[in-house]
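A.B. asks: Attaching a single structure in structure tokens format; questions to follow.
The values are calculated or read from the model by the stated rules, or taken from the named source; none is laboratory data. Because the structure is a prediction, the values reported are computed rather than measured. Areas reflect the complete protein model, heavy atoms only, side chains present, ligands, DNA and RNA absent. Shrake-Rupley method; radii C 1.70, N 1.55, O 1.52, S 1.80 Å.
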Amino acid sequence: MRTRKKLKAPVGKTGTAKPLTLRFYGDEFIFDTVSGMFYRTSPTASFILRALQSGTRPERLADEIQGRYGISRAVAVRDIELLRNDLAGIEALDRVRT
């Protein structure tokens, strides 16, 4: 039986926990509890969003991707920027930024 990993809410600049608004279903589907929208993503995009929501600092994100996928830093940074550009118009991304 697969157990669901409980995510800790990242702490904002005010010291209070930010609400977790994204729900992940496997590595391909994300539900935004605020907007009610479902999104289909790649496993890499899901990893990036999970990392941000769990409190990974944006400046450490490329390191996390390098370690997980064994790619160069330049490729990791490029992939992050491509995802950010793709999601620029979606409010859910604003809610997971630290």
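A.B. asks: To the nearest 10 Å², what's ASP32's accessible area with a 1.4 Å probe?
C.D. replies: Accessible surface of ASP32 is approximately 0 Å².
A.B. asks: In addition: Given the whole protein assembly as supplied and a 1.4 Å probe, what does the accessible area of ARG50 come to in Å², nearest 10?
C.D. replies: Surface accessible to solvent at ARG50 totals approximately 80 Å².
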